[in-house]
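Chemist: What follows is a structure written as structure tokens; I'll ask about it next.
The values are calculated or read from the model by the stated rules, or taken from the named source; none is laboratory data. From a predicted model like this one, the values you see are computed outputs, not experimental measurements. No Cβ is skipped: glycine too gets one built from the backbone with ideal geometry, and neighbour counts run over all protein chains shown. The protein model used for the area step is the full one, side chains on, heavy atoms only, and it has no ligands, DNA or RNA in it. Shrake-Rupley method; radii C 1.70, N 1.55, O 1.52, S 1.80 Å.
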Amino acid sequence: MALVSEFLGQLTLSYGGDAEPVYPTVVPVRDFDPAKDAARLETAIKTKGVDEQTIIDILTRRSYIQRREIAFEYERIAKKDLNAALKGALSGSLEALMLGLMKSTAQYDATELKASMKGLGTDEETLIEIVCSRSKEELVDIKKVYKDTFKKDLDKDVAGDTSGDFAKLLLALVQTKRDEPSNVVDYEKIDEDARSLYEAGVKRKGTDVATWISIMSQRSVPHLQKVFQRYKSYSPYDMKESIGKEVKGDLEKSFLTLVECFENKQLYFANRLSEAMKGKGAKDKVVTRVLVSRCEIDLMKIRSEFKKQHKRSLYQTITEHTKGDYQNALLSLCGGDD
């Protein structure tokens, strides 16, 4: 544990302004030599039967910026695109994981969102997880990348693929109108919002969902944390219980995800991972998405929340519920046992 806290201490880096601190498990490697890595990858991919372990060792222990440099060198040496080579060499969950690592976080999220709305039927679970858990800054980046990559607006695709209040909530979030956190605590506004949430839900017959949507999609996160505290002085139920009583289905899941992320985002992801690895086997897609999208952001903190909440480490849980090269890659991204 001492190592983890030392690591956490070292890595509470802040990227400019009011950005949240980061707690990555994957950090840039020192003495980085992209040409050497590219040559090792080329050998591993060409080898009879493919040397998956070398591919895993390199791609899971380099930062995204470093992987980009390796891809550039790889194309120079092998005269072909690294993504295409990985696709040809790997398959299944391991392939999805490695290709995910070759994208920036915003590119990865944009691609996952697109896939969740493709073809018949919508993968609401993925849509809810990404749209409701990402910060305003992350959503701004995702929208830009989505537009650049798919030549479509994310909000138009969301509107075309969802309906009713569920669609209204997702669209309100995608419009990124959330207030910036302020150093001044506005107690009057906190009280007013808490009362409005109560009067729009538990206090009346039926739910005034529009009021809930506007408060939860527009107020800053620190403000909302205080609103939910204050809410308890009006309502016999806390915010999450009230949501369960007032709305159902995808709308309920979305509001719950929002509240859980406002209260403790890393705990939300720890619980997602735990759910995905319950019973036999694992929901590989969910496990892959959380580890790929969070490994350079806050996976170290997700790990410690996981241990606190579920009384066993994320590392042990991955070991029990996955296997083979895919397991090795996940354990490498996980960055150690607690």
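Chemist: Would you work out the relative contact order for region 201-338, in percent, from Cα pairs under 8 angstrom that are 6 or more residues apart?
Modeler: Contact order relative to length: 18 percent.
Chemist: Can I ask one more? What percent do you get for the relative contact order of region 266-338 when only Cα pairs under 8 Å and 6+ apart count?
Modeler: Dividing the mean separation by the residue count of region 266-338 yields 35 percent.
Chemist: I need the trypsin sites (Lys or Arg not before Pro) found in region 137-220, filtered to DSSP loop residues with at most 10 other beta carbons within 10 Å of theirs.
Modeler: Taking region 137-220 and a limit of 10 other Cβ atoms within 10 Å, the loop trypsin sites (Lys or Arg not before Pro) found are Lys151, Lys205.
Chemist: Output needed: percent of Cα pairs per 20 Å distance bin for the chain, bins running from 0 to the one holding the longest distance.
Modeler: 28, 57, 14, 1
Chemist: Could you sort out which of Lys205/Lys278; Lys144/Lys240; Lys253/Lys285 sit more than 27 Å apart by Cα distance in this structure?
Modeler: Over 27 Å apart, Cα to Cα: Lys205/Lys278; Lys144/Lys240.
Chemist: Now for a different question. Quote the relative contact order of the chain in percent (integer), defining contacts as alpha-carbon pairs under 8 Å separated by 6+ residues.
Modeler: Once normalised by length, the contact order is 20 percent.
Chemist: Hey, another quick one. Dividing the Cα convex hull volume of region 114-174 by residue count, how many Å³ per residue is that?
Modeler: Here the figure is 72 Å³ per residue.
Chemist: Before I look further, what does region 193-284 give for accessible area per residue, probe 1.4 Å, in whole square angstrom?
Modeler: That works out to 45 Å² per residue.
Chemist: Relative to the longest principal axis of the chain, what angle (0 to 90°, nearest 10) does the C-alpha long axis of helix 92-101 take?
Modeler: Once rounded, the angle reads 80 degrees.
Chemist: While we're looking at this one, here's another question. So what's the gap between the Cα centers of region 137-191 and region 32-61, to the nearest angstrom?
Modeler: 39 Å
Chemist: Counting pairs of Cα atoms in region 227-280, how many percent are more than 13 Å apart?
Modeler: 64 percent
Chemist: Further, regarding this structure: Can you pull out the trypsin sites (Lys or Arg not before Pro) in region 268-329 whose DSSP state is coil and whose Cβ has at most 10 other Cβ atoms within 10 Å?
Modeler: Answer by residue number: Lys280, Lys311.
Chemist: If I compute solvent accessible area with a 1.4 Å probe over the protein chains, what percent of it on region 103-191 is carbon and sulfur?
Modeler: 51 percent
Chemist: Using +1 at the Cβ of each Lys and Arg and -1 at the Cβ of each Asp and Glu in the chain, identify which of Ala39, Cys261, Ala89 lies farthest towards the dipole's positive end.
Modeler: The one lying farthest along the dipole's positive direction is Ala89.
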